[in-house]
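Read the structure below first, then the notes.
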Amino acid sequence: MASIDALELTLGDLERWCEAEGLPRYRASQVAHSLYRQGVRDFAEMQTVPREVRQSLAGAYGIGTLGVRHVAHAVDGTTKLLFALPDGATIEGVLIPDGRRLTLCVSTQVGCAMDCAFCATATLGFGRHLTRGQIVEQFLLARAAAPVGSDGTRDVITNLVFMGMGEPLHNYEGTVGAIGTLTAPWGVGVSPRRITVSTVGLVPQMQRLLEETKVHLAVSLTAVDEALRRRLMPVTRRYSVAELLAACRKLPLPRRKRITFEYVMLAGVNDAPEQARALMRALHGIRCKVNLMPHNPCPGGEFARSEDAVGAKFADILRTGAVHATVRESRGSDIAAACGQLVAEGEARPAQD
Ligand code: SF4
């Protein structure tokens with residue numbers, strides 16, 4: 001039985017395989033095109049590849065390891081996908097339409113080790129890292145499941161965020177490997193400018209990511225008071241707010257690029273005017289923008305969402321200090337679209353579309 005997933009392969013890997021099989025190199029490009037551009041799930045469907053080559057490929061590799069267990073459509077157009085791994089563990093992806101954009105949010109781990117106090121995924125604990133191929137496969141499956149427009153064609157995914165289950169930079173190899181396949185001309189071909197990686201602030205990996213890729217970086221901040229952030233985001237014990245922001249000041253940002261700071265608004269916890277002023281002062285001198293994100297309360301969770309008016313006032317205060325601030329809309333709340341919610345609320349739902 002084939003045990004290696006072909007979606008783990010780069011063009012170079014495929015070229016080496018072709019060489020070992022005595023095949024011309026261009027076959028590797030044809031195979032990569034079928035896998036990543038056409039999203040072929042069975043070697044028999046690779047029409048540009050001769051039958052003997054398809055048979056050899058099928059003897060050496062399989063295609064993909066994920067299944068789509070559940071698809072949920074929200075009234076606001078958000079689509080949530082629950083993917084099953086071979087051992088039955090589940091991860092999530094979310095398609096979020098916004099005007100001409102269609103953004104896919106992918107997961108990088110089963111569960112998460114970061115233990116953020118306001119997050120549904122944290123309640124699952126850490127399972128394991130997803131592989132490069134499993135992250136890429138979420139894109140391929142979501143692309144095939146994207147909503148069909150009035151003209152009968154599927155909507156195209158325009159943006160990609162690494163903001164689903166897991167801390168992407170804790171799974172550095174999987175994340176950067178997937179970015180490689182997703183952005184390569186031989187791979188999926190997404191522009192790195194349309195990819196955002198969101199992190200709780202693993203400082204060394206943030207620096208490495210910006211040196212090794214051209215993707216956009218988002219840092220989940222949510223508090224600047226050290227004690228409060230330690231309570232909300234235990235990673236602060238490893239990298240203090242002061243250390244994190246000092247590192248952000250020194251990041252090798254390309255010209256005209258900004259870091260995004262995400263700030264989850266928790267009612268009565270981090271949404272007071274003086275906390276907005278503290279945030280404004282803390283970000284002074286950093287080329288950045290702030291996304292104020294509504295909290296999606298999970299059942300039994302200890303936090304509530306801030307009122308819209310509180311979020312608007314918080315943003316206004318930031319703007320008085322010339323900090324670019326936006327208040328994000330909550331999306332897909334009728335289908336538990338916040339990261340980890342669908343899995344955390346129970347996986348025993350039937351597949352549907
Ligand atoms: S917010 Fe992100 S990093 Fe924190 S526990 Fe949830 S998935 Fe992990």
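How large is the Kirkwood hydrodynamic radius of the stretch 12-144, in angstrom, based on all distinct alpha carbon pairs?
This gives a value of 16.9 Å.
Extent of the stretch 150-211 along each principal axis, from alpha carbon coordinates, in Å, largest to smallest?
46, 25, 17
Rounded to a whole number of µm²/s, how large is the Stokes-Einstein D of the stretch 179-248 at 10 °C and 1.306 mPa s, given Rh as the Kirkwood radius over C-alpha pairs? Could the numbers behind the result be given before it?
Numbers: Rh = 13.2 Å.
Using the Kirkwood radius from Cα pairs, D works out to 120 µm²/s.
What translational D, rounded to a whole number of µm²/s, comes out for the stretch 144-289 from Stokes-Einstein when the hydrodynamic radius is the Kirkwood one over Cα pairs, at 10 °C and 1.306 mPa s?
Working: Rh = 16.7 Å.
Answer, rounded: 95 µm²/s.
Please rank Thr153, Thr222, fewest neighbouring Cβ atoms within 10 Å first, as an exposure proxy.
Details: Thr153 9, Thr222 25.
Taking fewest neighbouring Cβ atoms as first place, the list is Thr153, Thr222.
Just the Cα atoms of the chain, one point each, no solvent: what log10 I(q)/I(0) does Debye give at q = 0.12 Å⁻¹?
Those come out to -0.88, one per q.
Ranking Thr326, Thr320, Thr236, Thr158 by Cβ neighbours within 10 Å, fewest first, what do you get? Write out the running numbers ahead of the final one.
Numbers: Thr326 13, Thr320 10, Thr236 22, Thr158 16.
Going from least to most buried by this count: Thr320, Thr326, Thr158, Thr236.
Would you please name the trypsin sites (Lys or Arg not before Pro) within the stretch 70-148 that are DSSP coil residues with at most 15 other C-beta atoms within 10 Å of their C-beta?
On the way: sites: Lys80, Arg100, Arg101, Arg128, Arg132, Arg143; in loops: Arg100.
Filter output for the stretch 70-148: Arg100.
With axes computed from alpha carbons, what is the tilt in degrees of helix 51-60 against the longest principal axis of the chain, rounded to the nearest 10 within 0 to 90?
50 degrees
Can you tell me which lysines have their Cα less than 24 Å from the Cα of Lys313? Leave out same-chain residues fewer than eight positions away.
Result set, ordered by chain and number: Lys289.
From the P(r) of the stretch 270-330, could you give the percentage of C-alpha pairs in the tail past 20 Å?
On the way: 486 of 1830 pairs.
Value for the stretch 270-330: 27 percent of Cα pairs lie more than 20 Å apart.
If one puts a single equal scatterer on every Cα of the stretch 4-62 and applies the Debye formula without solvent, what log₁₀ I(q)/I(0) results at q = 0.26 Å⁻¹?
-1.19
Bear in mind these aren't lab numbers, they're just calculated from the coordinates by the rules spelled out. Being a predicted model, the structure only gives us computed values, none of them experimental. We place every Cβ from the backbone using ideal geometry, glycine too, and count neighbours over all the protein chains shown.
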